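Note sheet for the following structure.
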Amino acid sequence: MEKTLPKIEIIEKYCKGCHICVEFCPKDVLEMKGFYASVKNLEACIKCMQCELRCPDFAIKVITE
Amino acid sequence: MAFDYEKYLRPGKLPHIWCPGCGHGIVMKGLIRAMDTLKLDMKNTAIVSGIGCASRLPGYIDCCTLHTAHGRAAAFATGVKMAKPEMNVILCGGDGDGTAIGGNHFIHACRRNIDMTYIIMNNYIYGMTGGQFSPCTPTGHKASTTPYGNPDPGFDIAKLAIGAGATFVARGTAFHANQIDKLIVEAIQHKGFSVVEILDDCPTTYGRRNKYKSVIEMMNRLKEVAVPVKAAEKMTAEQLVGKVLTGVLYKEESKPEYTAEYAKVIERAKAAK
Ligand SMILES: Cc1ncc(C[n+]2csc(CCOP(=O)(O)OP(=O)(O)O)c2C)c(N)n1
Ligand code: SF4
Ligand code: SF4
Ligand code: SF4
Ligand SMILES: [Mg+2]
């Protein structure tokens, strides 16, 4: 079966650029792009939800079916 | 599926006031997930705080909230619980608010064993006012008022709570985000005074002064020092040096709860007429 990818939404008006989601993603999916977090490699995402769980600012959502 | 935090937040309040990487936001999310797990009725739930960055938390959550005077959350919350014993009463605040100016209210709420849950965000410092040392600042660490290192020994909040009579005491950290809601759920379910200490980070006023290069370094320190109580049982005293126990540290179910005891007083007074 083909792997379904989530949609990762980063809400820039809430993101404070703390790096937490980038550093603690186990699959190196995210990166900092300028001030904000951004998706670098969605293909590698395992939908572990760590980034969403840890973000102190409600700024990242991992939307799965 | 993404967790719907917004459902519990007052509209238009984000972004919140906390600095980049401040753990208070992580704790607030844990509390929201706990409220969701327990399906708490927002109209029957009060969150009460004192003053400080941590104490700003209730302002974001769309239930009954009270932002009171510095150190006085326990006093106001006790008033709410006595007037409405059926209400879920949750207190929150920082280490400074709870153990310095509010230390007396804290120990007496523990002593009474009144059915409330106290979430104390311990970032070892007075964050809001620019980083003065608190009773939880570790010995030797730097604050704006201890630039040459703090000579005082720090409080152990959990031991203080147990000694004063709290009947549920737990500890987690802002790094162990997925444990926060589970500890709060157990604390709210417990009938009696419950204390949940969350070891937190204040990158702005504590991290900088104490040579943490980044929020990530502060998070990694929390990861390294925390040892779950179960794991600690198999460790030697030597291995536990510099570690902090996490999980449910104390639970006692036989001690009478205060509002129930007070209801009996009311009955006795009525019968005495
Ligand atoms: C009666 C009174 N004294 C002092 C203050 C100033 N003050 C505001 S917040 C604070 C300390 C807050 O520290 P803490 O509770 O640890 O919260 P944090 O900001 O670290 O989250 C102090 C001393 C005040 N607001 N009221
Ligand atoms: S869900 Fe997990 S793997 Fe995917 S981006 Fe977030 S932290 Fe990385
Ligand atoms: S954890 Fe949140 S606030 Fe921090 S960089 Fe990622 S999205 Fe932005
Ligand atoms: S000063 Fe410290 S405690 Fe206050 S919001 Fe900033 S990081 Fe958090
Ligand atoms: Mg503090």
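State all residues of the range B:102-131 that are touching an Asp or Glu at 6+ places or on another chain (Cβ under 6 Å) and among the β-branched types (Val, Ile, Thr); if no residue qualifies, say none.
If the condition is that a residue be touching an Asp or Glu at 6+ places or on another chain (Cβ under 6 Å) and among the β-branched types (Val, Ile, Thr), then B:120 is the only one that fits.
Go through the residues of the range B:12-20 one by one and say whether even a single one is aromatic (Phe, Trp, Tyr) and part of a helix (DSSP H, G or I). Before you say what the answer is, go through the steps one by one.
Looking only at the range B:12-20, we keep the residues that are aromatic (Phe, Trp, Tyr), and these are B:18.
The next check asks that each one be part of a helix (DSSP H, G or I); those that pass are none.
No, because not a single residue in the range B:12-20 is aromatic (Phe, Trp, Tyr) and part of a helix (DSSP H, G or I).
Could you check the range B:261-273 and list, in sequence order, the residues that are surrounded by 12 or more Cβ atoms within 10 Å (Cβ to Cβ) and either free of Cβ contacts under 8 Å to residues at least 12 places away in the same chain or closer than 24 Å to residue A:54 by Cα (or both)?
If the condition is that a residue be surrounded by 12 or more Cβ atoms within 10 Å (Cβ to Cβ) and either free of Cβ contacts under 8 Å to residues at least 12 places away in the same chain or closer than 24 Å to residue A:54 by Cα (or both), then B:261 is the only one that fits.
Can you find a residue in the range B:104-118 that is away from every other protein chain (no Cβ under 14 Å) and within 12 Å of ligand 5 (Cβ to nearest atom)?
Taking every residue of the range B:104-118 in turn, none turns out to be away from every other protein chain (no Cβ under 14 Å) and within 12 Å of ligand 5 (Cβ to nearest atom).
Quick check on the range B:24-32. Is at least one of its residues modelled with pLDDT of 95 or more and open to solvent by 10 Å² or more (accessible area, probe 1.4 Å)?
No, the range B:24-32 has no match at all.
Return a yes/no flag: does the range B:51-62 have any residue that is part of a strand (DSSP E or B), away from ligand 2 (no atom under 16 Å from the Cβ) and within 14 Å of another protein chain (Cβ to nearest Cβ).
Yes: one or more hits.
Please work out which one of (1) surrounded by 21 or more Cβ atoms within 10 Å (Cβ to Cβ); (2) within 12 Å of another protein chain (Cβ to nearest Cβ) is the condition residue A:30 fails and give its number.
(2)
Identify all residues within the range B:118-134 that are more than 9 Å from ligand 1 (Cβ to nearest atom) and either modelled with pLDDT under 95 or open to solvent by 40 Å² or more (accessible area, probe 1.4 Å) (or both); write none if there are none.
Selection gives B:133 alone.
Restricting to helices (runs of 4 or more DSSP H) lying wholly in the range B:170-273: which have 2 or more residues that are within 16 Å of residue B:123 (Cα to Cα)?
B:177-189, B:215-225
So which of A:48, A:25 ends up being surrounded by 19 or more Cβ atoms within 10 Å (Cβ to Cβ) and under 20 Å from residue B:219 (Cβ atoms)?
The match here is A:25.
Taking residue B:93, is it within 14 Å of ligand 5 (Cβ to nearest atom) and under 17 Å from residue B:128 (Cβ atoms)? Break it down into steps so the answer makes sense when it comes.
Details: within 14 Å of ligand 5 (Cβ to nearest atom): yes; under 17 Å from residue B:128 (Cβ atoms): yes.
The answer is yes for residue B:93.
The values are calculated or read from the model by the stated rules, or taken from the named source; none is laboratory data. This structure is a prediction, so every number in the text was calculated from the model and none was measured. Every residue, glycine as well, gets a Cβ built from its backbone with ideal geometry; the counts of neighbours run over all protein chains shown. Just the protein is used for accessible areas: all its heavy atoms, side chains included, with ligands, DNA and RNA removed. Shrake-Rupley method; radii C 1.70, N 1.55, O 1.52, S 1.80 Å.
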